[in-house]
Each structure stands twice: as C-alpha cells, then as structure tokens.
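The values are calculated or read from the model by the stated rules, or taken from the named source; none is laboratory data. Note that the structure is predicted; figures quoted are calculated from it, not measured. Methodologically, a virtual Cβ is constructed for each residue, glycine included, from the backbone with ideal geometry; neighbour enumeration extends over all protein chains shown.
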Amino acid sequence: MAGHRILGVETLHEGWGKLLLLRIELPDGHVLKREVEDHGAAVAVLPYDPERRLAVLVRQFRAPVFHAAGKADVLEAPAGMLDEDDPEMCARREAGEEVGLTLRDLEPVGAVWTMPGVSTEHMHLFLAPYAAADRTGEGGGLAEEHENITAVEMPLAQLVEMAEGGTLDDLKTLALVQALRLRRPELFAEGSKAARES
C-alpha cells in the first residue's frame, strides 16, 4: 500500500498570510481536500530574570482573538515569524524589537507545530535569562507594522498563578512557563500554589 501523496496545491489567497487548498491521496486511495494556512516557521522566547524572579512578556492586540472572544489584547511571550535562517538570531531580534532586551544566552525548549490541523507554523521555543542591565531599548514593536506592543515585566509567581488559574491563555506562553518551571523549579518556590499548600 502506498503512503500519503500530495496531488495538487492551489493558492486560494495570498496576503499577509497564505491560504492553500491541498488535494491529498491517502494510503487507501481516498482523496481528500484540506485548507491550510501556510505560515511557515516562527520563534517565541520567554525572557526571565533569575535574580529578581521576573519575566518580560508583551501585551498586544490580536485580531483573531478579538473576533472570536471580543478580547482586545493577549498577554504572551515575545514572538515573530522567522525572517532569517537562524531561529536564535530571530529570537534575539524579536526580544529587542518587542521588549527592548539584548539577550545573550538562549535555552532551546523545542520546535513545535502550533496548530497542526490547520497551519504549517513550526515554532522554535526558547527560554532566555536576562538581567536589569540587558534592558537596552524601549521595545514596543515596529511602528511601520502597527504592532503597538506593551512590554510587561511581571513576577514569575504571578505567571504561575495565571497558569494554574487558567488565565494564561496563550499556548506558546503557557508551554514556555511550564518548561521554565520544570527546568528551574527553585525560581517558583515562593508564591506557587504548590508551595502554599505544602
């Protein structure tokens, strides 16, 4: 029995994003059609200050969330599309543009399919320690792209409470916070639900 085969690719729309229609032959010979948002690769980074036990996130308007839930903005880790070949270079660039940080050490968490049922987006996730002296710019994103980003420095303990309370609703950010908790549990010892209950 043969494997999966792409029989055809049609571009339905091409703008900021690209919508494709794929015709795919399954191993049993059945042909199906699937619409795919062709987004490509991206990065997300969670900068954290291990001394002050803080993290820097961004708050920004997201049109899909506004459309689906009426929510005006989302709290999330700095992120962006991979414009160059090197994910680490892209993560450093996004941190500089969005939150004004110069990041040195990056800790790879993994590369994940963010919405494998509908999108080609493959996101490289990083953790990045920083110190107060690494704040070298204002951040805010690119004016020409109307990003209107607000950098938010917040306690790691507050992120834990949001994660445990179900209010940290951006998936990449939730994954990065949980990865940091697994790798550096001592940073979350105070203020976490587990610490309060023990």
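Please find, among ASP28, ASP85, the residue that is modelled with pLDDT under 95, of a type in the set (Asp, Glu) and under 28 Å from LEU7 (Cα atoms).
ASP28
Could you please find all residues in region 129-157 being among the aromatic types (Phe, Trp, Tyr) and modelled with pLDDT under 95?
Passing the criteria: none in range.
Would you check which residues across region 96-139 are closer than 19 Å to PRO155 by Cβ and either β-branched (Val, Ile, Thr) or not in a loop (DSSP other than H, G, I, E, B) (or both) and list them?
Once the filter is applied, which keeps residues that are closer than 19 Å to PRO155 by Cβ and either β-branched (Val, Ile, Thr) or not in a loop (DSSP other than H, G, I, E, B) (or both), region 96-139 yields VAL99, LEU101, LEU127, ALA128, PRO129, ALA132, ASP134, ARG135.
Of VAL177, VAL160, which residue is modelled with pLDDT under 95, part of a helix (DSSP H, G or I) and at negative phi?
VAL160
Of everything in region 95-113 that's crowded, with 16+ Cβ neighbours inside 10 Å and touching a helix residue (DSSP H, G or I) at 6+ places or on another chain (Cβ under 7 Å), which residue is nearest to ALA42 (Cα to Cα)?
Among those residues, the one meeting the criterion is VAL109.
In region 22-76, what count of residues is obtained for those that are among the hydrophobic types (A, V, I, L, M, F, W, C) and either out of contact with any Leu (no Cβ under 9 Å at 6 or more places or on another chain) or within 22 Å of ARG135 (Cα to Cα) (or both)?
Residues that pass the stated criteria total 18.
Looking for whichever is more than 14 Å from the chain's Cα centre (by Cα) and not aromatic (Phe, Trp, Tyr) here; the options are GLU97, GLU76, GLU121. Which one fits?
Only one candidate passes the filter, namely GLU97.
Would it be correct to say that ARG92 is surrounded by 15 or more Cβ atoms within 10 Å (Cβ to Cβ), among the charged types (D, E, K, R), out of contact with any Gly (no Cβ under 7 Å at 6 or more places or on another chain) and under 21 Å from GLU121 (Cβ atoms)?
Considered against the rule, which asks whether it is surrounded by 15 or more Cβ atoms within 10 Å (Cβ to Cβ), among the charged types (D, E, K, R), out of contact with any Gly (no Cβ under 7 Å at 6 or more places or on another chain) and under 21 Å from GLU121 (Cβ atoms), ARG92 comes out as yes.
Take the residues in region 167-184 that are of a type in the set (A, V, I, L, M, F, W, C) and within 15 Å of MET115 (Cβ to Cβ), then tell me which one is surrounded by the most Cβ atoms within 10 Å (Cβ to Cβ).
ALA175
Got a sec? Which of VAL43, VAL9 is surrounded by 14 or more Cβ atoms within 10 Å (Cβ to Cβ) and modelled with pLDDT of 95 or more? First the steps, then the outcome.
Values: VAL9 fails: surrounded by 14 or more Cβ atoms within 10 Å (Cβ to Cβ).
Unique residue meeting the criteria: VAL43.
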